[in-house]
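Student: Sharing a structure below in structure tokens format, with a few things to ask.
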Amino acid sequence: MGVQRPVHKDAKGVAAVVSAANAFLNTLTSDQQAETLLDFTQANATAWSNLPCGSSCRPGIQTGSLSDDQLAALKSVLKVALGTGKGTGYEHVLETLKADDVLASAQSTSSSSDAPTDGASDAPSADPSATASSTATDAPTGTPPSGGTGGGAGGGYGSGIYFLAFLGTPSATGTWQLHFGGHHLAVDITYKDGKVAGASPYFTGVEPTTWTDDDGTTYSPLAKFRDGLLKLTGSLSTEQLAEAKLSESFSDVLLGPGKDGDFPETKEGIKVSELSPKQKKLVLEAIHPWVANVDDATAKQLMKTYARELDQTYVSYSGGTALDTQGDYVRIDGPSVWIEFVCQNGVVYRDQVHYHTVYRDHTRDYGSEFSFS
């Protein structure tokens, strides 16, 4: 696959993504381009994971192998492809990478001593009383999908162990996918004939859930996502909560890596048509942070679709609704939209929960390019 000539610097929408993609590719050597430009096949597209499994479970070129200029060009691709909303889109991805650096530092610090230590003496602390340990009591579940090759290290935590691939040649006319991810992150945006055909699957999680950096800045990458769900479930009456409660228990999201097309046949919970106008608005507000992973114009169109389908959408939960305990779980399931949010016990910060979430679309995952049985 060849590298196309850059699009004009003032390009908008998909043309701007193509321009940034080509600018990034032009910073790479031929060998690096070969790592980055891959075929848009089902095996490559579905090769993503929430696990710290490096290039063994995802394709593309590793961020840690890039020069400063190359990394800046990669971030320019993400900046034009992702949403601009505060706490969502591009900003959320950058904070997710920061969280992985905090996790790497905390694990390194705790691993260097004979016993678990506080959050990391030389790293930003998630909580002064938080215990960081290299031994997981409740490790993340899920099997890394097969397929995909990539450069660099096999796995671990840190912002240098994320991977970018263009599946298919970036173009304003063809079909291709922007594929970016690492531990706790999978961004899959599919482009077709100059438009976004799908902004999912999109997996995002975080550990620790909040921390304060050395400069005093506090980060909570999934706060906007969590808080929208808390407002929604908090608005439900006792009777509505009873109707929304699921009988199943959840230790992770249902539709994580390797679970493509495995949507439950029957929708469960309370139907949004039974909710008040104010509660319906809260459902849409709860959906938005996930949809805002893609460019603002596309997100707006997706939200219009989900609003039209709102009365046929269901809200459900398992465990508690506080989203602060292992097994607390909330789901929004519509004709198109699918969102899950679950709490797991910490892996490095063992006395805290951490979050896993996923956004899918029943008909638009991978731009509807593949069929899953």
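The values are calculated or read from the model by the stated rules, or taken from the named source; none is laboratory data. All figures in this text were calculated on a predicted structure; none of them were measured in a lab. Note: ideal-geometry Cβ built from the backbone for every residue, glycine included; neighbour counts use all protein chains shown. What goes into the accessible areas is simple: the full protein's heavy atoms, side chains included, and nothing from ligands, DNA or RNA. Shrake-Rupley method; radii C 1.70, N 1.55, O 1.52, S 1.80 Å.
Student: What do you reckon, is Ala21 modelled with pLDDT of 95 or more and open to solvent by 10 Å² or more (accessible area, probe 1.4 Å)?
Tutor: Criteria not met by Ala21.
Student: From the set of residues in the stretch 251-281 that are farther than 30 Å from Phe370 by Cβ and either in contact with a Pro (Cβ under 8 Å, 6 or more places away or on another chain) or among the charged types (D, E, K, R) (or both), which is most open to solvent (accessible area, probe 1.4 Å)?
Tutor: Lys278
Student: Scanning for something more than 28 Å from Tyr349 (Cβ to Cβ), among the aromatic types (Phe, Trp, Tyr) and assigned to a loop (DSSP other than H, G, I, E, B), does the stretch 261-279 turn up at least one residue?
Tutor: Yes, the stretch 261-279 contains a residue that is more than 28 Å from Tyr349 (Cβ to Cβ), among the aromatic types (Phe, Trp, Tyr) and assigned to a loop (DSSP other than H, G, I, E, B).
Student: Taking the condition among the aliphatic types (A, V, I, L, M), open to solvent by less than 30 Å² (accessible area, probe 1.4 Å), closer than 22 Å to Ser247 by Cα and under 20 Å from the mean Cα position of the chain (by Cα), does Val315 pass?
Tutor: For Val315, the condition - among the aliphatic types (A, V, I, L, M), open to solvent by less than 30 Å² (accessible area, probe 1.4 Å), closer than 22 Å to Ser247 by Cα and under 20 Å from the mean Cα position of the chain (by Cα) - is not met.
Student: Right, next: Name the single residue, out of those in the stretch 212-234 being part of a loop (DSSP other than H, G, I, E, B) and out of contact with any Ser or Thr (no Cβ under 8 Å at 6 or more places or on another chain), that is surrounded by the most Cβ atoms within 10 Å (Cβ to Cβ). Step through it out loud before you land on a result.
Tutor: Within the stretch 212-234, the subset part of a loop (DSSP other than H, G, I, E, B) is 213-217, 220-222.
Checking which are out of contact with any Ser or Thr (no Cβ under 8 Å at 6 or more places or on another chain) leaves us with 213-217.
On the way: Asp213: 13, Asp214: 9, Asp215: 6, Gly216: 6, Thr217: 10.
The extreme case among them is Asp213.
Student: Find the residue count for the stretch 321-361, including only residues that are among the basic types (Lys, Arg) and open to solvent by 10 Å² or more (accessible area, probe 1.4 Å).
Tutor: Qualifying residue count for the region: 1.
Student: Please find, among Glu248, Glu239, the residue that is modelled with pLDDT of 95 or more and in a helix (DSSP H, G or I).
Tutor: Details: Glu248 fails: in a helix (DSSP H, G or I).
The unique qualifying residue is Glu239.
Student: Something else about it: Can you list residue pairs whose Cβ atoms sit under 6 Å apart, with the first residue in the stretch 171-196 being farther than 21 Å from Thr63 by Cα and touching a residue at least 60 places away in the same chain (Cβ under 8 Å) and the second being of a type in the set (Lys, Arg) and open to solvent by 10 Å² or more (accessible area, probe 1.4 Å)? Count only pairs 6 or more apart in sequence or on different chains.
Tutor: Thr175/Lys192
Student: Within the stretch 59-110, can you find the residues that are open to solvent by 50 Å² or more (accessible area, probe 1.4 Å) and farther than 27 Å from Pro289 by Cβ?
Tutor: Matches in the stretch 59-110: Gly64, Ser65, Ser67, Asp68, Asp69, Gln107, Ser108.
Student: Is it the case that the stretch 211-221 has a residue that's farther than 26 Å from Lys300 by Cα, under 20 Å from the mean Cα position of the chain (by Cα) and acidic (Asp, Glu)?
Tutor: No, every residue in the stretch 211-221 fails to be farther than 26 Å from Lys300 by Cα, under 20 Å from the mean Cα position of the chain (by Cα) and acidic (Asp, Glu).
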